[in-house]
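Here is the structure we will look at, set down as structure tokens.
The values are calculated or read from the model by the stated rules, or taken from the named source; none is laboratory data. Owing to the predicted nature of the structure, the values given are computational and were not obtained by experimental measurement. FYI the Cβ positions are ideal-geometry reconstructions off the backbone, even for glycines, and counts take in every protein chain you see.
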Amino acid sequence: MAVRSETKLVTLKIDGQEVTVPAGTYILQAAEIAGIELPNLCYQPLLRPWGSCRLCTVEILGPRGGLIESCATPVREGMEVSTTSQKVVESRQFILQMYLIDHALDCPTCDKSGECYLQDNTYLHNINANPYRRPKLAQPYRHFSKYIDYKWDRCIICARCTRVCDEMVGVTAISVVGRGLEASISPSYGIDLADTTCTHCGMCIAVCPVGALTDRHFAHHPWELDATETICGLCDGGCTLNIEHNRGLVRRVSHLWERGANLGYTCERGKWGHETVQSPERLYYPKIREGNDYLDVELDEALRVVVEQFRHYQGSSFAALVSPDATNEEGYALQRFTRAVMGSNSIDRLLSRAQAEVDSALFDSFGVGASTAGLSEMRSDSNVVLVAGPDIGKVAAVPSYWLYWAHRYRETQFIVVSPDQFPLADRSDRW
Ligand code: FES
């Protein structure tokens, strides 16, 4: 957490350990800074505190003390907090027993098994039996979309999914409908998810602490997978992704919360773009055109043909265009090839007309064809943001999340200049 020099600091004690944090920090976050991990179900970094599950309960010691949810209670100077008192442990055990009355407990067939917060906390809090019980109710899976399944009897209505959809992705495609035991998550207005503004980012699945919202393309247990951290190359956002794989195949992208430029959040391309890696529609061999036919050939043969053909176009008769999907490294390699091997300086990036105009306006204004501020500054420091060009939710989705976030939490204003109407334009101060 960055602390500005003018930020007021507060010192408190958590489990006897002194910790100093900026005023306004919640107890759960202060505990994290002190290296104490508190259990939670409805807390999600960057989303507004919800305080509904109460699993993060701690005890404030002293005359004005008592049990309180740590994720939604700001620290006070001199506060003393216990995260492990008997009262705290017993209240968490009671809360878990309440959840377990109605929870499906179909862990062996649940994708979330092994990384489910409810499962982990049931184990950690030593819940072996439940004195509270009634007949379990069950409902079949609901297929929300080609990506998303919903299992009602696993849902704990923590609203992480609906909050991320509204507060971060900015589309409110799903919401909580009904009350009490009949409450469920549903596409907004009860319509088909395909008819909402859903962007298929999968963030609702990513933040679900139990297995209520699951990925229809994933059918593994987390312990079967190895992980490799990488940077997404599918837009300019530079998001950190956690690629999980086994037996030589990519199985899913998971989320490293509070890491990288994206702090764990992803868009549709980040979440499911990996499927192109093993798509059956990929080319397995280079192709050479002969007349109207394309023939599969070995790589050596393709390279031989390229060398033979390119030989005739050295110097100014050669130009290269880099795909906008290419990584910096690929673009660098191509420009080296164009200049050093082909002897031409004619190299450019393939841009849509709108992108080219934005690049040129940036160049005229700032001397570089790119933003002069980092993405994190847009989220944490900006008062007004000017968004020019096409739907940022499509071309750079995660940066658009920071706009919604800054708008909601810091009252950052944003102005959208675009001929197109899209969700960010609808929520802007001026379009
Ligand atoms: Fe604090 Fe749910 S995590 S109330």
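Quick look at the values:
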item	result
Options Thr162, Thr122, Thr172: the member that is modelled with pLDDT under 95 and of a type in the set (Ser, Thr, Tyr)	Thr172
Count of segment 60-77 residues which are crowded, with 18+ Cβ neighbours inside 10 Å and free of Cβ contacts under 8 Å to residues at least 24 places away in the same chain	2
Helices (runs of 4 or more DSSP H) fully within segment 261-344 counting 3 or more residues that are acidic (Asp, Glu) and at negative phi	299-310
Residue within segment 240-251 that is under 18 Å from Ser400 (Cα atoms), surrounded by 17 or more Cβ atoms within 10 Å (Cβ to Cβ), within 13 Å of the chain's Cα centre (by Cα) and modelled with pLDDT of 95 or more present	yes
Tally, over segment 192-212, of residues that are under 15 Å from the mean Cα position of the chain (by Cα) and either of a type in the set (S, T, N, Q) or not in a loop (DSSP other than H, G, I, E, B) (or both)	6
Given (1) away from the ligand (no atom under 11 Å from the Cβ); (2) over 30 Å from Val398 (Cα atoms); (3) modelled with pLDDT of 95 or more; (4) touching a Lys or Arg at 6+ places or on another chain (Cβ under 9 Å), index of the condition Gln93 fails	(4)
Any hit, segment 38-59, residues being surrounded by fewer than 17 Cβ atoms within 10 Å (Cβ to Cβ) and over 24 Å from Val176 (Cβ atoms)	no
Segment 101-131, residues that are crowded, with 16+ Cβ neighbours inside 10 Å and part of a helix (DSSP H, G or I)	Asp102, Cys107, Tyr117, Leu118, Gln119, Asn121, Thr122
Residue within segment 297-319 that is closer than 30 Å to Ala396 by Cβ and surrounded by 12 or more Cβ atoms within 10 Å (Cβ to Cβ) present	yes
Failed criterion for Arg92 (all others in (1) part of a loop (DSSP other than H, G, I, E, B); (2) charged (D, E, K, R); (3) more than 25 Å from the chain's Cα centre (by Cα); (4) closer than 23 Å to Ile157 by Cβ hold)	(1)
Count of segment 2-57 residues which are within 16 Å of the ligand (Cβ to nearest atom) and either in a loop (DSSP other than H, G, I, E, B) or over 17 Å from Ile68 (Cβ atoms) (or both)	22
Given (1) in contact with a helix residue (DSSP H, G or I) (Cβ under 9 Å, 6 or more places away or on another chain); (2) among the hydroxyl-bearing types (Ser, Thr, Tyr); (3) under 25 Å from Ile156 (Cα atoms), number of the condition Thr25 does not satisfy	(3)
Hits in segment 138-158 (condition: at pLDDT 95 or above, surrounded by fewer than 21 Cβ atoms within 10 Å (Cβ to Cβ) and within 19 Å of the chain's Cα centre (by Cα))	Asp149
Hits in segment 364-408 (condition: assigned to a helix (DSSP H, G or I) and more than 21 Å from the chain's Cα centre (by Cα))	Asp364, Ser365, Phe366
The listed residue being at pLDDT below 80 and aliphatic (A, V, I, L, M), out of Ala340, Ala354	Ala354
Pick from segment 69-86, criterion part of a helix (DSSP H, G or I) and within 16 Å of the ligand (Cβ to nearest atom), ranking: nearest to the chain's Cα centre (by Cα)	Cys71
Pairs with Cβ under 8 Å, 6+ apart, first in segment 34-52 and farther than 18 Å from Thr122 by Cα, second hydroxyl-bearing (Ser, Thr, Tyr) and more than 6 Å from the ligand (Cβ to nearest atom)	Ile36/Thr83; Leu46/Tyr265; Arg48/Tyr409; Pro49/Tyr26
